[in-house]
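Note sheet for the following structure.
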Amino acid sequence: MTTDNTGTSNPSRVLPLPGPKPRTTAAHVGPPRSPAHRPLPPALRGNPHRRRAAALLAAADCLAAVAAAAAVTAVTAAPGAPGAGGGEGVLAAAVLCAVLLAVLVPLNARAGLYRIALAPTALGELPALLGRTAAAWCAAAAIPAAIREGNAPGWTLLVAAVAAHTALACVARGAVHLARRRAGRRRPRSALVIGTGEAGRRVTTALYEHPEYGMRPVGVVEPGGEPADAALAEGVSVPVLTGREDIVRAAIQNAVRDAVFTRDPGTDPEAAALVPVFTDLDCTVWVVGAASPAAHPAAAVPGAGGRTVEHLWGFPCRRLDPRPRHHRAGPRGKRALDVAVAAAALLAAAPVLLACALAVRIADGPGVIFRQERIGLGGRPFTVLKFRTLRPRDEHESATRWNVADDRRMSTVGHVLRRTSLDELPQLFNVLRGDMSLVGPRPERPYFVQHFSRLHPGYAARHRMPAGITGLAQVHGLRGDTSIEDRARFDNHYIETWSLWQDVSILLRTAGSVLRLGGS
């Protein structure tokens with residue numbers, strides 16, 4: 001069952017697949033849950049398939065290195081060779097193996113030899129393996145305790161060691177690739193195909209008919225809304241998903257690990273808005289068909305020198321690697337900065353807080369602190385704290401009125417607090433409690449989150465990062481009654497390019513705008 005952009009159920013909307021009926025039937029996408037349920041977009045559970053594949057390939061390389069080191073040590077420690085003692089031979093093998101692994105594994109990782117590929121082959125990886133194995137053995141040869149003159153000339157032994165090591169690595173990695181292909185046929189990973197046009201149909205059919213790719217489509221995504229053809233035809237049909245919430249829900253419920261784009265995210269804004277959704281769910285993103293020109297440098301198989309292009313049953317294909325997710329690696333640093341700065345700011349601003357509270361109490365009566373529900377990290381609600389600048393008529397007005405900056409009911413004290421942004425100071429307590437961060441997308445009320453998420457692609461993706469008192473959008477003047485689309489774009493750019501120094505620079509720029517009375 002799927003839903004359209006308005007959330008209306010429409011179980012009959014399915015995408016027919018052309019050609020003969022494949023051997024496998026489509027998986028069922030679970031029905032939508034109640035509107036009150038809010039799945040967390042940033043699953044952050046990790047992709048076990050990617051981790052397992054990388055671990056197996058690394059183990060294969062290590063096994064080949066150990067075998068090659070043992071063989072070279074046995075040759076150099078043969079009877080009549082210098083230093084043929086048994087204990088010394090074991091030590092030499094251990095040193096040689098340690099040097100090889102210390103050099104080889106990082107080089108292979110940097111070359112992308114541990115990243116997932118559609119249909120990897122040991123022969124396709126041979127050039128990259130040969131070059132990096134030679135570099136590792138040259139580094140080992142610089143240690144006299146590792147490689148010494150034996151019965152064969154040193155360079156002859158070195159060349160033979162590189163050749164044998166490369167052959168062993170190819171055999172070991174070939175066995176891993178074969179085992180992965182067999183496992184993919186038996187237990188294919190759930191996948192979503194993005195694009196319901198002719199390319200989407202052909203790619204979906206190819207994945208069903210060729211299980212060696214290890215992917216089984218459980219749904220097709222149409223970012224633009226209603227599909228052009230929703231009739232049920234003979235053969236396999238899969239659900240068509242259009243709304244972002246349905247896409248996220250289907251991905252979570254079906255443990256989707258691959259997203260196959262037949263629309264180019266580089267030129268299609270609607271497809272581009274879905275890329276961070278899938279990367280947040282730790283899905284591997286593929287771009288196939290006309291969206292993936294063979295000349296694209298990222299289309300090459302890792303380690304193949306850019307000459308061999310990956311393909312999905314003849315469709316040019318490339319893996320879309322997201323920008324480094326610095327905010328995943330640095331949440332502790334960001335949290336430490338929040339706590340340190342917020343605590344120091346509360347101590348330094350204690351007299352200002354007391355003066356503001358007293359002014360609000362005198363001007364507007366009881367109820368100095370204003371509490372309101374906002375949406376934070378992962379779509380979770382929390383209560384934001386502010387100095388009261390206006391007393392709303394009722395809860396409905398508080399939850400649904402967009403801007404009160406020009407409301408005549410606001411007192412002079414309220415105007416001053418909003419103009420100077422002093423009404424935001426109590427949010428430092430939100431930061432200490434962990435509800436917010438100093439820097440991040442500004443939190444909004446649930447009513448407007450739902451409204452803006454429907455109107456602006458990428459708005460809901462802002463909730464990948466904790467909400468902030470200030471942010472990149474705010475220091476560019478996007479606050480108050482300004483473009484929501486522009487704010488979402490700035491917020492998502494901040495999330496994708498996060499660094500600790502960026503937070504510091506935004507805080508410094510915010511301090512400058514407050515001194516210029518840049519509030520709203």
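The values are calculated or read from the model by the stated rules, or taken from the named source; none is laboratory data. Keep in mind it's a predicted model, so treat the numbers as computed, not measured. Reconstructed Cβ throughout: ideal geometry from the backbone, glycine too, with neighbour counts over all protein chains shown.
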- Item | Filter result for the condition that a residue is assigned to a helix (DSSP H, G or I) and charged (D, E, K, R), over Arg442, Arg487, Arg479 | Arg487
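Could you please give the count of residues in region 344-364 that are outside any helix (DSSP H, G or I) and closer than 28 Å to Pro446 by Cβ?
Total satisfying the criteria: 0.
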- If you take the residues of region 417-457 that are of a type in the set (Lys, Arg) and crowded, with 17+ Cβ neighbours inside 10 Å, which of them is modelled with the lowest pLDDT? Arg418
- Query: For residues in region 199-233 being touching a Lys or Arg at 6+ places or on another chain (Cβ under 8 Å) and at pLDDT 90 or above, which is farthest from Arg187 (Cα to Cα)?
  - Reply: Leu207
- Query: Of these, Ala92, Ala152, which one is at pLDDT below 85 and in contact with a Lys or Arg (Cβ under 9 Å, 6 or more places away or on another chain)?
  - Reply: Ala92
- Return the pairs, sorted by first residue and then second, in which the second residue is crowded, with 17+ Cβ neighbours inside 10 Å, the first residue lies in region 489-502 and is without any contact (Cβ under 8 Å) to a residue 24 or more places away in the chain, the beta carbons are less than 7 Å apart, and the residues are 6+ apart or on different chains. Phe490/Leu472; Phe490/Ala473; Phe490/Leu478; His493/Leu472
- Within region 177-202, which residues are surrounded by fewer than 20 Cβ atoms within 10 Å (Cβ to Cβ) and either within 30 Å of Leu96 (Cα to Cα) or hydrophobic (A, V, I, L, M, F, W, C) (or both)? Leu178, Ala179, Ala183, Ala199
- Residues that are assigned to a helix (DSSP H, G or I), modelled with pLDDT under 90 and not aliphatic (A, V, I, L, M), drawn from region 118-137: Gly124
- Message: For region 468-476, check the following and say yes or no: at least one residue is at positive phi and at pLDDT below 90.
- Response: no
- List, please: which pairs have Cβ atoms under 6 Å, are six or more places apart or on different chains, and start with a residue in region 88-111 that is in the same structural domain as Val66 (by TED's automatic domain parsing) and outside any helix (DSSP H, G or I) and end with one that is surrounded by 18 or more Cβ atoms within 10 Å (Cβ to Cβ) and among the hydrophobic types (A, V, I, L, M, F, W, C)? Ala111/Ala128
- For region 271-278, state whether one or more residues are at pLDDT below 80 and either within 21 Å of Arg202 (Cβ to Cβ) or surrounded by fewer than 24 Cβ atoms within 10 Å (Cβ to Cβ) (or both). no
- Looking only at region 498-509, decide whether some residue is part of a loop (DSSP other than H, G, I, E, B), in contact with a Ser or Thr (Cβ under 7 Å, 6 or more places away or on another chain), farther than 25 Å from Val248 by Cβ and in the same structural domain as Ala336 (by TED's automatic domain parsing). no
- Under 9 Å by Cβ, and 6 or more places apart or on different chains, what pairs join a residue from region 471-486 that is farther than 19 Å from Arg401 by Cβ and in the same structural domain as Ser505 (by TED's automatic domain parsing) with one that is assigned to a loop (DSSP other than H, G, I, E, B) and of a type in the set (D, E, K, R)? Gly471/Arg442; Ala473/Arg442; Ala473/Arg479; Gln474/Arg442
- Item | Qualifying residue in region 206-215 (condition: assigned to a loop (DSSP other than H, G, I, E, B) and surrounded by fewer than 17 Cβ atoms within 10 Å (Cβ to Cβ)) | yes
